[in-house]
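Structure record follows, encoded as structure tokens.
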Amino acid sequence: MRLTVAQATVRFLAAQFTERDGVEHRLIEGCFGIFGHGNVAGLGQALLEAELDDPAALPYHQARNEQGMVHAAVGYARMRNRLSTLACTSSIGPGATNMVTGAALATINRLPVLLLPGDVFATRVADPVLQQLELPHAPDVTVNDAFRPVSRFFDRVWRPEQLPAALLGAMRVLTDPAETGAVTLAMPQDVQAEGYDWPAELFARRVWHVPRTVPEPAALARAAAVIRAAERPLIVAGGGLIYSEATDTLRAFAEATGIPVAETQAGKGSLPYDHPLALGAVGATGTPGANRFARSADVVIGIGTRYSDFTTASRTAFQDPGVRFVNVNVAAFDGAKHAGLPVVADARAALEALTEALAGWSVPASYRSAAAEANAEWDAVVAGTYAAGHEPLPAQTEVIGAVNEVSAPRDVVLNAAGSMPGELHKLWRTRDPKGYHVEYGYSTMGYEIAAGVGVRMAAPDRDVFVLVGDGSYLMMAQELVTAVQERIKIVVVLVQNHGFASIGSLSESLGSQRFGTAYRYRSGESGRLDGDVLPVDLAANAASLGVTVVRVSTVDELRAALRDAKAAPADGGPILIHVETDPLAGAPDSDSWWDVPVSETAALDTTRSARAEYERQKKAQRPLVGPSSTEESDA
Ligand SMILES: Cc1ncc(C[n+]2csc(CCOP(=O)(O)OP(=O)(O)O)c2C)c(N)n1
Ligand SMILES: [Mg+2]
């Protein structure tokens, strides 16, 4: 079959499916693209032909910024539990490198996304093409080599003959839960347009079976022995548990054994917030109750977690001298962390097997009830923060509370950076496993609105509430135009606090006096950035993009605006609610710590005292290298 490399790529992608639990899904549901000379005549032409032939084959979507389109694709993939995703095609040069941040985000969060950056001429006949890097010592290196460290699979299709192997390799990694992340196929612009005779079977319908890997019996037995010997076990539920759709199994396991559940950012929603064994968030942004359980836990059962420093409070969260880790993970790499006993398996398959292996065993009733007490205690604190009545400007916790109250249980709250991830982690009452979407692997300012578009595309039956700070909004709000164009309903709550509440308070706690974290005029008197608040009007900015905008100044007005937004038509496009909050009104403490090194020498008193506090906290940091299996530790 004679087609160009680009036409063959599009035709191939349209024929790929995943299957898990007997249900099939399209693997690549569509393709975002921004065209330039590096893809307009290749992939652009191929997408056009496909759209004219069959609009459902590989639907094309336009974006405003290449980074934004990757965020949308990542949001989509996360919402679909990694069984479906989107492709992104860019031109060469800046269009391509704009996707590098999105690639890193996808890889770090273990979410599949297919990137197709254009590349320089394979033949080099017209070198240097516009936007070519030209390294004098290495002509075969292009800007796209920047994708290598942030992709789980990278290939460059220098020759048409390479395409089938590149495509098959790419699909394998996208659909392997242990390896998935950004998958990049760099496409030289001349090769995209080159014709070739392809074997017809390249375009056959192909199903990629996503495994539910079962645990090795010996590993399962070792894990069960460690858990049976535990007195104070704790589950740390991570994102892998949700992607595996293992939340019902987790609930049954927890109820049978009485082991309480603490959640990472990606794992929040593993249990509903009001389950008596739900301790909620753990770690640096955790609840004091979960952190109390973590401090004394003798066995930590990590499920689908990569143990980021926020989860482990920079390795201060677990203080029992003999603490052991049992790590259920599809990736051996994560399973081995903290010298843990790895159970390399799908979360659901492993939990089912562990439930059976531990039948009849349970923690003492008093331990169960201590968890229920911690849950109830914390929920009373949450209720207080939702109704803080802060004046004259509301506290951000009240904004979170209003969104929580007005949203339906299956709706999605979305955020990524600033002071909101920490507050949401501890305060959001999650009612559905997919109701909480905080990107905290890469914590990328600018993810929020773009990913909101992707999440809504993936789940048109849920309302998506995008919480975004003014700093993140200023970094990347342009995908609002994509939402306008596609009539995608997202409800954006823009929290205006004139700068970085998050880094401001971090800076203050580290002795750096909030330096450079407020959006202020340069003052004529001091010559510093400590003048008046800037006259920016982000509500007007959003309105200028075609967004329906509502300005509110009280929490009651916010609630009313949220209700109206909730009632707005599904095809009415984006709505943005602008609210100003007090950046100094914080949230309750987590009784935890995060390692951010403070200057060892400083002229400032504030820095010197922060350093003293840093050294004190640092003493609680542990290497966590003790053996975790019963044989080794008893020997
Ligand atoms: C792309 C990017 N640049 C820098 C940072 C570091 N950073 C984390 S939070 C933050 C400020 C966020 O400001 P805003 O969105 O207004 O939220 P607020 O802190 O006010 O809640 C910065 C600069 C980041 N996470 N992402
Ligand atoms: Mg801000």
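Of note:
- Debye, to nearest 20: dipole size of the chain, +1 on Lys, Arg Cβ, -1 on Asp, Glu Cβ: 600 debye
- Once both labels are positioned 7 Å from their Cα atoms along Cα-to-Cβ, the gap between A56 and A41 label points is 3.4 nm.
- Calculated mean residue ellipticity at 222 nm for the chain: -10500 deg cm²/dmol, from DSSP H runs with n ≥ 4 weighted as -39500 (n - 2.57), summed, divided by the residue count and rounded to 500.
- The calculated Kirkwood hydrodynamic radius for the range 573-618 is 14.1 Å, given to one decimal from all distinct C-alpha pairs.
- Amide proton proximity set for C31, modelled H, under 5 Å, gap of 5+: Y60, H61, A87
- Selection among Q485, F147, A256 by position relative to the dipole of the chain gives A256 as farthest towards the positive end (Cβ unit charges, Cα centre).
- Its residues counted as N, the range 418-548 yields a C-alpha radius of gyration over 2.2 N^0.38 Å of 1.18.
- Label-to-label distance, nm, for residues given as E613 and E391 (7 Å Cα→Cβ offset): 3.0 nm
- Modelled this way, with points 7 Å down the Cα-to-C-beta line, the labels at V625 and T606 are 3.8 nm from one another.
- Amide H contacts of G469 (H built 1.01 Å from N, in plane; Pro and chain starts excluded): V495 sit under 5 Å, all sequence-distant by 5 or more or on other chains.
- Other residues lying with their Cβ under 15 Å from the Cβ of R522 contribute a combined charge of -1, Lys and Arg counting +1, Asp and Glu -1.
- Point-charge dipole on Cβ atoms (K/R +1, D/E -1) for the range 2-209, about Cα centre, debye to 20: 600 debye
- Over the C-alpha trace of the range 2-209, radius of gyration and Dmax come out as 15.7, 53 angstrom.
- Remark: C88, C31 ranked as C31, C88, counting other beta-carbon atoms within 10 Å and listing the fewest first.
- Counting every other Cβ atom within 10 Å of each residue's Cβ, K618, K426, K489 order from fewest to most as K618, K489, K426.
- With θ taken as phi - 60° and the Karplus curve 6.51 cos²θ - 1.76 cosθ + 1.60 applied, the whole-hertz 3J(HN,Hα) list for the range 189-204 is 5, 6, 5, 3, 8, 7, x, 7, 8, 9, x, 4, 5, 4, 9, 5 Hz, x standing for glycine and proline.
- With θ taken as phi - 60° and the Karplus curve 6.51 cos²θ - 1.76 cosθ + 1.60 applied, the whole-hertz 3J(HN,Hα) list for the range 73-78 is 5, 5, x, 4, 5, 5 Hz, x standing for glycine and proline.
- Relative frequency of Cα-Cα separations exceeding 29 Å in the range 217-378, percent: 5 percent
- Dipole of the chain, positive direction: furthest Cα of A331, F121, S609, with charges on the beta-carbon: A331
- The HN-Hα couplings worked out from phi for the range 89-98 by the Karplus form 6.51 cos²θ - 1.76 cosθ + 1.60 (θ = phi - 60°) are 10, 10, 6, 8, x, x, x, 5, 5, 4 Hz, whole numbers, x standing for Gly and Pro.
- Among beta bridges that DSSP assigns inside the range 2-209, antiparallel share in %, nearest 5: 25 percent
- Check: the range 436-588 dipole with +1 on Lys, Arg Cβ and -1 on Asp, Glu Cβ, in debye: 140 debye
- When you count the other C-beta atoms within 10 angstrom of each residue and take the mean per peptide, 145-152, 551-558, 499-506 line up highest first as 499-506, 145-152, 551-558.
- Amide H contacts of G573 (H built 1.01 Å from N, under 5 Å, at least 5 apart or other chain): I488, K489
- By the count of other C-beta atoms within 10 Å, a proxy for reagent exposure, H137, H437, H390, H71 are ordered fewest to most as H137, H390, H437, H71.
- Contour excess over end-to-end distance, with Cα ends at V533 and V214 and 0.36 nm allotted per residue: 109.1 nm
- Scaled radius of gyration (Cα, divided by 2.2 N^0.38 Å) that the chain gives: 0.99
- Model label zone, R228; criterion: amide N under 20 Å from point 7 Å along Cα-to-beta-carbon; scope the range 324-347: 324-328, 341-344
- Charge tally in the Cβ shell below 10 Å around V363, where Lys, Arg are +1 and Asp, Glu are -1, V363 excluded: +1
- Looking at the chain, the DSSP beta bridges with both ends there are about 10 percent antiparallel.
- The Cβ shell under 14 Å around A57 holds other residues with a net charge of -2, Lys and Arg each +1, Asp and Glu each -1.
Coordinate-derived values only; no laboratory data. Just so we're clear, the structure is a prediction, and the values are computed from it rather than from any experiment. Glycine also receives a Cβ, built like all others from the backbone with ideal geometry; neighbour counts cover every protein chain displayed.
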